[in-house]
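Before any comments, here is the structure.
The values are calculated or read from the model by the stated rules, or taken from the named source; none is laboratory data. Computed from a prediction, not measured in an experiment: that's the story for all the values here. Here the Cβ positions follow ideal geometry from the backbone for every residue, glycine too, while neighbour counts run over all protein chains shown. Heads up: the accessible areas ignore ligands, DNA and RNA and are worked out on the full protein's heavy atoms, side chains in. Shrake-Rupley method; radii C 1.70, N 1.55, O 1.52, S 1.80 Å.
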Amino acid sequence: QVQLVESGGGLVQAGGSLRLSCAASGSIFSINAMGWYRQAPGKQRELVARITSSNNLNYADSVKGRFTISRDNAKNTVYLQMNSLKPEDTAVYYCNADIRPVSSIRPMNYWGKGTLLTVSS
């Protein structure tokens, strides 16, 4: 079984920083793209940042210059460093990854359960 486990959410004041982590575990053959999505109350889930296996990066316009995504392939972990946080960043943040399990010949898409970030004004 493959699973993604996020950590690092919490309560932070506007202007502050926080780092989210997401570790993939289980019977993993390979990991392709990894990314972070978020869903604020009453809104649809949206892409925050994504990083491919070749380290191509993609960011939502709303977080460019403030958030940085990175990955540690040796640890099967993706990070999201969030700086200059704003109240509108408040959301549940979900980890997402395209992972090829050992038991499969093709990659599958996985989601974590989410971690809540609350930014107070």
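Please enumerate the residues belonging to region 46-58 that are out of contact with any Phe, Trp or Tyr (no Cβ under 8 Å at 6 or more places or on another chain), part of a strand (DSSP E or B) and either free of Cβ contacts under 8 Å to residues at least 12 places away in the same chain or open to solvent by 40 Å² or more (accessible area, probe 1.4 Å) (or both). Listed by number, the residues that qualify are Leu57, Asn58. Once region 91-106 is narrowed to residues that are charged (D, E, K, R) and farther than 15 Å from Cys22 by Cα, the residue that is surrounded by the most Cβ atoms within 10 Å (Cβ to Cβ) is Arg100. If the condition is being under 14 Å from the mean Cα position of the chain (by Cα) and open to solvent by 20 Å² or more (accessible area, probe 1.4 Å), then region 19-30 contributes Arg19, Ser21, Ala23. If you filter region 89-121 down to residues that are assigned to a strand (DSSP E or B) and of a type in the set (S, T, N, Q), you find that the one that is farthest from Lys64 (Cα to Cα) is Asn109. Residue count for region 59-72, restricted to those that are of a type outside the set (A, V, I, L, M), assigned to a loop (DSSP other than H, G, I, E, B) and either surrounded by 15 or more Cβ atoms within 10 Å (Cβ to Cβ) or touching a residue at least 60 places away in the same chain (Cβ under 8 Å) (or both): 1. Keeping to region 107-120, report how many residues are open to solvent by 40 Å² or more (accessible area, probe 1.4 Å) and either modelled with pLDDT under 95 or among the aliphatic types (A, V, I, L, M) (or both). Of the residues in region 107-120, 2 are open to solvent by 40 Å² or more (accessible area, probe 1.4 Å) and either modelled with pLDDT under 95 or among the aliphatic types (A, V, I, L, M) (or both). Among the residues in region 73-88, are any under 16 Å from Leu116 (Cα atoms), part of a strand (DSSP E or B), acidic (Asp, Glu) and open to solvent by 70 Å² or more (accessible area, probe 1.4 Å)? Checked region 73-88: no residue is under 16 Å from Leu116 (Cα atoms), part of a strand (DSSP E or B), acidic (Asp, Glu) and open to solvent by 70 Å² or more (accessible area, probe 1.4 Å).
Within region 66-106, the set of residues being modelled with pLDDT of 95 or more, among the hydrophobic types (A, V, I, L, M, F, W, C) and within 20 Å of Gln3 (Cα to Cα) comprises Ile69, Ala74, Val78, Leu80, Val92, Cys95, Ala97, Ile99, Val102.
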